[in-house]
Amino acid sequence: QTGMFTYDPGFTSTASCESALTYIDGDEGVLLHRGYPIGQLAEHSSFMEVSYLLLNGELPSADELSKFETTITRHTMLHEQLATFYRGFRRDAHPMAIMCGVVGALSAFYHDSTDISDPTHRTISSHRLIAKMPTIAAMAYKYSVGQPFLYPDNSLSYTGNFLRMTFGVPAEPYVVNPVVEKALDRIFILHADHEQNASTSTVRLAGSSGANPFACIAAGIACLWGPAHGGANEAALNMLHEIGTPDKIPHYIERAKDKNDPFRLMGFGHRVYKNYDPRATVMQKTVREVFEALKVTDPVFEVALRLEEMALNDDYFIEKKLFPNVDFYSGVILSAIGFPTTMFTALFALARTVGWVAQWNEMISDPGQKIGRPRQLYTGPTQRDYVPLDKR
Ligand code: SDX
């Protein structure tokens, strides 16, 4: 017994690691970060506060939070050489291609000065990555639209700074909309960490070899890009636009059930949740707030609500325990805020960086940590002798 949870010894036989960061109960739809329910954190906390919690294990005092935010703020600038690095990409490069490249390139600037056995170096690397991701993501967007990069403005909040670097222009002042800032900050909280998902497992496996944290996070970004994982938010909104109107929904639901049709309802289903993803609940509430505040009338939200209602009342989805996940509504909000669909997964990577670095730190700090080495079930031919070319 560990508090309210029964520790199932049988489970450890398939567990890839032990971690104290995030707990998920897929059957009950429970998600806790260091014991705190995601719904309470999304309602009352900030992304910087949740970042501190994930990294340090406790919610910060006001003074601790202020010091943490100041430290992160001081790392938001990128080396000027990296701005040049962007120029090597085509203007229409997918932002995730840029994120993989630029974050990996951070290794070239910090690898030689980062000794991962030194806790102070690990902390500085973590702060650098959390701080620079908004700058890198904003620059990827600016590069794609041919606008000049904006430097960070350290008088703004973490999320406000990101909004200004993304949507601001040098020609005029940018005023952060507090409703948008709060909604985006909440979306970052909902994406911060999620136990041993595919991209986090990628970061852990890469990190287990002793690779520098910048290269490990670049590996996590690459894995997150897939449509079955973080790429689902972009695919989900594209799907909602393809459906277009509620009367077309039954056709798409039938396609999703047809085993001969590769079409899947993007934003539905989950490897772990066999109940409603608690993040999707918060996300749906946030859509309403943003739509009301920005007077958005995009019918795509109505299509999403109708699709969810019809799928949740369909025997196939009920039997397969398929519910909306974090990616189902996020694209609707991000689109209403003004992000192009190609930026959605880059925002997921921005937010998930704190989970990746917290999980990486947890693993590297364990003195008993060994290099990961998954095994396989061999299905190839049994041993046989070589056949010379003229005998084949
Ligand atoms: C994320 O791991 C994490 O924690 C990830 C994540 C995080 O925060 O890091 O939560 C973020 O990646 C969320 C998931 C985003 N992906 C999508 O929304 C893509 C659409 N979803 C599917 O591709 C699918 O649900 C997966 C990939 C998410 C899970 O696939 P599984 O493991 O096959 O799901 P399952 O075992 O529960 O499937 C049960 C059945 C299967 O059919 P049968 O083989 O039993 O006949 O349901 C089917 C699946 O084919 N199914 C779907 C479906 N998802 C599963 N059928 C139609 N539409 C879907 N979306």
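The values are calculated or read from the model by the stated rules, or taken from the named source; none is laboratory data. Note that the structure is predicted; figures quoted are calculated from it, not measured. Cβ placement follows ideal geometry from the backbone for every residue including glycine, while neighbour counts extend to all protein chains displayed. Each accessible area value is taken on the protein alone, full model and side chains, heavy atoms only, with ligands, DNA and RNA left out. Shrake-Rupley method; radii C 1.70, N 1.55, O 1.52, S 1.80 Å.
Output the relative contact order of the chain, whole-number percent, from Cα pairs under 8 angstrom with separation of 6+ residues. The normalised contact order for the chain reaches 23 percent.
Solvent-accessible surface of the chain, taken per residue with a 1.4 Å probe and all protein chains present: 48 Å².
How large is the helix-only mean residue ellipticity at 222 nm for the chain, computed as the sum of -39500 (n - 2.57) over DSSP H runs with n ≥ 4, divided by its residue count, in deg cm²/dmol to the nearest 500?
Mean residue ellipticity, 222 nm, calculated: -17500 deg cm²/dmol.
Dividing the mean sequence gap of close Cα pairs (under 8 Å, 6+ apart) by how many residues the range 258-359 holds gives a relative contact order of 41 percent. If you sort R271, R90, R279 by accessible surface, 1.4 Å probe, largest first, the order is R271, R90, R279.
Relative contact order, whole percent, for the range 174-286 stands at 19, derived from Cα pairs under 8 Å and 6 or more residues apart. Heavy-atom accessible surface of T281, to the nearest 10 Å², is about 80 Å², with a 1.4 Å probe and all protein chains retained.
In the chain, what percent of the accessible surface is made up of carbon and sulfur (1.4 Å probe, ligands and nucleic acids excluded)?
So the carbon and sulfur contribution to the accessible surface is 54 percent.
Residues H191, H127, sorted by accessible area with the largest first, give H127, H191 [1.4 Å probe; ligands and nucleic acids excluded].
Note on the chain: with a GNM built from Cα contacts shorter than 10 Å, the maximum mean-square fluctuation among C223, C17, C100 falls on C17.
Using a Förster radius of 22 Å, what is the FRET efficiency between S16 and Q40 based on their Cβ-Cβ separation? Nearest 0.05, please.
The value I calculate is 0.20.
Note on M139: accessible area approximately 20 square angstrom, rounded to 10, probe 1.4 Å, nucleic acids and ligands left out. Subtract the Cα-Cα distance of A62 and S155 from 0.36 nm times their separation in residues, and report this length gain in nm to one decimal. Taking A62 through S155 to full extension adds about 31.7 nm, to one decimal. Rounded to 0.05, the FRET efficiency of the I371 and K295 pair, given R0 = 45 Å and the Cβ-Cβ distance, is 0.25. By its C-alpha gyration tensor, with a ≥ b ≥ c as the square roots of the eigenvalues, how is the range 45-185 shaped: rounded for a/c under 1.5, else prolate for a/b larger than b/c, else oblate? Oblate, because a/c is 1.5 or more while a/b does not exceed b/c.
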